[in-house]
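What follows is calculated from the coordinates using simple rules that are stated; it is not laboratory data. For clarity, every value in this text was computed on a predicted model and none was experimentally measured. All Cβ positions, even for glycine, are placed from backbone atoms using ideal geometry, and neighbour counts span all protein chains on display.
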Amino acid sequence: MINITTPLNKGTYKQPNIFGYYGNFGGAYIPEMLHRNVEELRTRYLEIMYDDAFQKEFKDLLHDYVGRPTPLYLAKRLSKLHNTNIYLKREDLNHTGAHKINNTVGQILLALKLGKKRIIAETGAGQHGVATATVCALKGIECVVYMGSKDIERQAPNVARMKMLGAKVVPATSGSQTLKDATNEAIRAWINDPLDTHYIIGSVVGPHPYPDMVARFQSIISEETRWQLKEKTGTELPTHVMACVGGGSNAAGMFYHYLDELSVQLVAVEAAGHGVNSGMSAATTQLGKPGILHGSKSLVMQTEDGQVVEPHSISAGLDYPGVGPLHAHLYESGRGTFLSATDDESLKAAFELAKLEGIIPALESAHALAALHQMKFKQSDVVVVCLSGRGDKDLATYMKAMDIKE
Ligand SMILES: *Cc1c(COP(=O)(O)O)cnc(C)c1O
């Protein structure tokens with residue numbers, strides 16, 4: 001199934017080379033103190049992940065605990081609107097309400113195999129924090145989540161969930177007191193206790209092997225899509241797959257088993273915020289330049305002298321100034337099509353889906369839906385959109401938007 005010894009990523013978009021590079025992006029830029037941890041992970045992750053017993057436990061948990069396979073749903077009324085065939089991959093129906101749990105289930109099993117006794121994680125909106133606290137409760141392992149103090153205020157329900165699940169939530173008070181500061185705190189904490197601690201990163205970002213490891217755990221999304229589509233249409237290959245991109249993990253999962261199927265158009269949708277050039281945006285590939293953020297080289301929103309620019313998106317999960325190295329490579333090589341949707345377009349798309357299909361999407365996922373309006377489809381096209389999460393967490397934002405309209 002996989003070729004662990006392949007030294008270079010020539011001819012495939014799936015695998016980085018042994019140094020963790022996808023084309024010009026990736027690698028592991030880490031402090032000396034973390035070298036042992038990251039090296040241990042790098043030399044062991046594939047052997048552990050593809051061990052039969054590990055795969056069985058991972059797949060059993062995905063089935064019985066997470067609720068997989070998630071449905072591939074033909075959205076008939078949405079399809080009619082766009083005069084094509086649109087399927088939704090229902091990651092919103094996972095336990096905890098989004099795709100993030102696929103990765104945390106995988107990483108907790110991996111941490112236990114490595115003999116770790118403590119988990120740390122960073123979180124912005126709290127979604128990854130909740131998914132991490134969930135699997136730590138499941139396995140009875142200590143969990144510390146770093147979160148910007150501004151985000152702790154803004155995301156009270158998720159902070160309460162994490163605490164109820166037994167996690168300790170530590171505020172990051174530096175910088176803008178948001179996600180990137182929480183990530184810096186988590187890295188610092190890892191340096192202080194590298195032997196017993198595993199750091200569960202929540203997206204396809206961070207030093208090698210994290211981007212590849214997280215992409216592989218999330219690849220269950222496209223693995224299922226292939227056989228589900230075959231059952232429904234007679235072919236495993238759609239014409240388009242679409243997903244929103246914050247760090248890029250749901251997109252990596254949705255794209256993974258289609259990366260080397262060149263007939264399938266990969267459409268990644270970033271958050272344009274108030275507009276790509278408004279100064280209030282998180283459209284990283286449009287605005288970013290090569291730089292190093294959180295342990296890897298990628299496209300990063302930065303000033304002339306390399307200071308990270310504060311991003312903006314209405315959706316906390318997309319409010320990140322970087323993007324995983326796989327996506328930077330898909331962008332630079334032209335393999336991926338990168339679009340962006342504004343806050344307003346995404347709100348509109350969320351209300352549209354609710355009324356057309358009876359599904360309230362997460363604001364993040366609504367960005368992918370908004371981009372449907374920017375595409376030109378043929379009637380015979382088959383489009384799969386990753387519905388990365390459900391909208392319960394965004395109800396306050398949706399309520400505010402409804403007030404404005406009335
Ligand atoms: C966190 C989150 C995202 C963005 O993260 P990616 O790593 O880009 O997938 C998207 N959708 C939902 C529902 C999320 O919770």
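A few points about this structure:
- The range 290-406 - Rg over Rh from alpha carbon coordinates, Kirkwood radius: 1.02
- Calculated P(r) tail over 36 Å for the chain, as whole % of Cα pairs: 16 percent
- Principal semi-axes of the equivalent ellipsoid, √(5λ) from the alpha carbon gyration tensor of the range 79-196, are 28, 19, 13 Å from largest down.
- 5 angstrom amide H check on THR342, placed H, neighbours 5+ away: ALA272
- Eigenvalues of the alpha-carbon gyration tensor of the range 12-151, scaled by 5 and square-rooted, set the equivalent ellipsoid semi-axes at 30, 21, 18 angstrom, largest first.
- Ordering LEU34, LEU353, LEU330 by the number of other Cβ atoms within 10 Å of each residue's own Cβ, fewest first, gives LEU34, LEU353, LEU330.
- Neighbour-count order for ASP151, ASP193, fewest beta carbons within 10 angstrom listed first: ASP193, ASP151
- Compactness of the range 65-111, expressed as Rg and Dmax over alpha-carbon positions, Å: 14.3, 46
- Kirkwood-based Rg to Rh ratio, the range 225-310, C-alpha trace: 1.10
- Relative contact order for the range 318-382, counting Cα pairs under 8 Å that sit 6 or more residues apart, in percent: 28 percent
- Size of the range 145-270 from its Cα atoms: along the principal axes, largest to smallest, the extents are 52, 32, 27 Å.
- Rg/Rh ratio calculated on Cα atoms of the range 361-402 (Kirkwood radius): 1.09
- For the range 325-376, alpha-carbon Rg relative to the globular expectation (2.2 N^0.38 Å, N residues): 1.30
- C-alpha center-to-center spacing [the range 191-209, the range 44-93] in angstrom: 25 Å
- Extending 7 Å from the Cα toward the beta-carbon at both HIS373 and ASP52 defines two label points whose distance is 5.3 nm.
- D_trans [Stokes-Einstein, Kirkwood Rh over alpha-carbon pairs] for the range 65-148, 4 °C, 1.567 mPa s, µm² s⁻¹: 89 µm²/s
- Mean Cα-pair separation over length for the range 119-206, i.e. relative contact order, pairs under 8 Å, 6 or more apart, %: 37 percent
- Entry note, the chain: relative contact order of 19 percent, from Cα contacts under 8 Å with a spacing of 6+ residues.
- Anisotropy class assigned to the range 211-362 is oblate, per the alpha carbon gyration tensor with a/c at or over the 1.5 cut-off and a/b no larger than b/c.
- Kirkwood hydrodynamic radius of the range 144-213, Cα pairs, Å: 12.8 Å
- Approximate shape of the range 207-269 as ellipsoid semi-axes (Cα gyration tensor, √5λ), whole Å, largest first: 21, 12, 9
- Partnerless Cys - the chain, beta-carbon criterion under 4.7 Å: CYS244, CYS386
- Fewest-first ranking of LYS89, LYS232, using other Cβ atoms within 10 Å as the exposure measure: LYS232, LYS89
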